[in-house]
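The values are calculated or read from the model by the stated rules, or taken from the named source; none is laboratory data. Please read these numbers as outputs of a predicted model, since none were measured by experiment. When we count neighbours, we look across all protein chains shown, and the Cβ atoms used for this are built from the backbone with ideal geometry, even at glycine. The area values use the complete protein model at the heavy-atom level, side chains included, leaving out ligands, DNA and RNA. Shrake-Rupley method; radii C 1.70, N 1.55, O 1.52, S 1.80 Å.
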Amino acid sequence: MRTATHRIRLIASAALLTTALSTGAAATASPHAPASAATAVAPTALAPAAVAPAAAAQASWPTVKSGQRGVDVTTVQLLLTARGHATKADGVFGAGTAAKVKAFQKAQRLKADGVVGRATWTRLVVTVKTGSKGAAVKALQHQLTANGHTVNTDGVFGAGTAAKVKAFQKAHRLKADGIAGPATWAALVRGGGSGGGSGTPGGGGKLSDAQASAKLKAAGISRVSSGNCTDRNRRNCTSLQGIRVGTVNGVISLKKKSGCKVVVTGGTETGHAGGKYSHWNGYKIDISHTPCVTNYIQSHAKKHHKRGDGAWVWRVTSGGKAVVDYADERRANHWDITYY
């Protein structure tokens, strides 16, 4: 009885072993056979469609809201139009613009608070490139001009606009492919305008006092000094002699993008702290401390660190590197700005 039972078990075990070996051989012979739903493994790389939103979400975006004016507001208005929420592009964030922002946010299932922050920006921006036309391209062109890369705002993405986009991207250490995607939009609306088209720190070359003064005056920016003079060798003067192109372009960009009145109170004259990125070397400029300017800076830069003199520094970065530092020198009633 035991012998018979033992034989039956041996036969059964052999059959099971044969089946297992057959299954393994089949699996080996068909390495590309589809996995079942239960054993399917997610791909290790993100699909291309998922990469752009991820990049946009990681970028640093400013906050634009009711009461603000300037190029960033115009940009929001034009992008709203491009997204099907027609808005008058007057550069003033009033009740009408707030209502359109809320409608867009509601349609995108975002918090409908009427404030354009990171989440809203990432849904609002439109990737544009050579051949694109319309309100989104016009918004891009406004931003390029405000950042020191002047281009016609005709709403047509031609060779001229492509060249300006590439120059901006190169100056901000982005991939210079001429395509305005999320990373380029984020760098544009963050501001800083340190370009000047050269892609080198401080915008490259230096200007004479007369040249810099003419550029600032044309942009509606004035300057004052306690000594009513422009001699850079006198500390009570406000001189622009030897100031860098990027510094001048930067403060012009600040004026255009903020919509604020900007008054220069300090330039390259003696009496400031030394160092590579100093006033004397043309990288710094002082402007009057006003509520409008302060609101813009604190909405477009991040509070970063406190200097040795107690002034808090608000920083704009690109590619992990500092682009602009705004030092809040309240006691001296001015913003000390460094364009790297």
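Annotation for A210 and A273: the two label points, set 7 Å from Cα along the Cα-Cβ direction, are 3.5 nm apart. Could you compute how much accessible surface H272 exposes when probed at 1.4 Å, giving the result in Å² to the nearest 10? Solvent-accessible area, nearest 10 Å²: 60 Å². Across all directions, the shadow cast by the convex hull of the range 51-192 built on its C-alpha atoms averages 7.6 square nanometres. For the range 152-167, backbone phi angles converted through the Karplus equation (6.51, -1.76, 1.60; θ = phi - 60°) give residue-by-residue couplings of 5, 8, 9, x, 10, 8, x, 4, x, 5, 4, 5, 5, 4, 4, 5 Hz, Gly and Pro being listed as x. Here the 3J(HN,Hα) profile of the range 274-279, calculated from phi with Karplus coefficients 6.51, -1.76 and 1.60 at θ = phi - 60°, is x, x, 4, 8, 10, 4 Hz, Gly and Pro shown as x.
Backbone amide hydrogens, once placed in the peptide plane, bring G266 within less than 5 Å of D286, excluding anything fewer than 5 places away on its chain. Sorting E269, E329 on solvent-accessible area from highest to lowest, probe radius 1.4 Å, gives E329, E269.
For the range 323-332, 3J(HN,Hα) computed residue by residue from phi via the Karplus equation (6.51, -1.76, 1.60; θ = phi - 60°) reads 10, 9, 10, 10, 9, 7, 8, 4, 4, 9 Hz, glycine and proline entered as x. In the context of the full set of protein chains, residues of the range 240-340 present 40 Å² of accessible surface per residue (probe radius 1.4 Å, heavy atoms only). With no solvent and one point per C-alpha, what does the Debye sum give as log10 I(q)/I(0) for the range 280-340 at q = 0.12, 0.16, 0.20, 0.21 Å⁻¹? Calculated log10 I(q)/I(0) at the listed q: -0.26, -0.47, -0.74, -0.81. Largest first, the residues Y326, Y277 sort by 1.4 Å accessible area into Y277, Y326.
With bins 10 Å wide beginning at 0, the percent of Cα pairs of the range 216-305 falling in each bin runs 17, 47, 32, 3.
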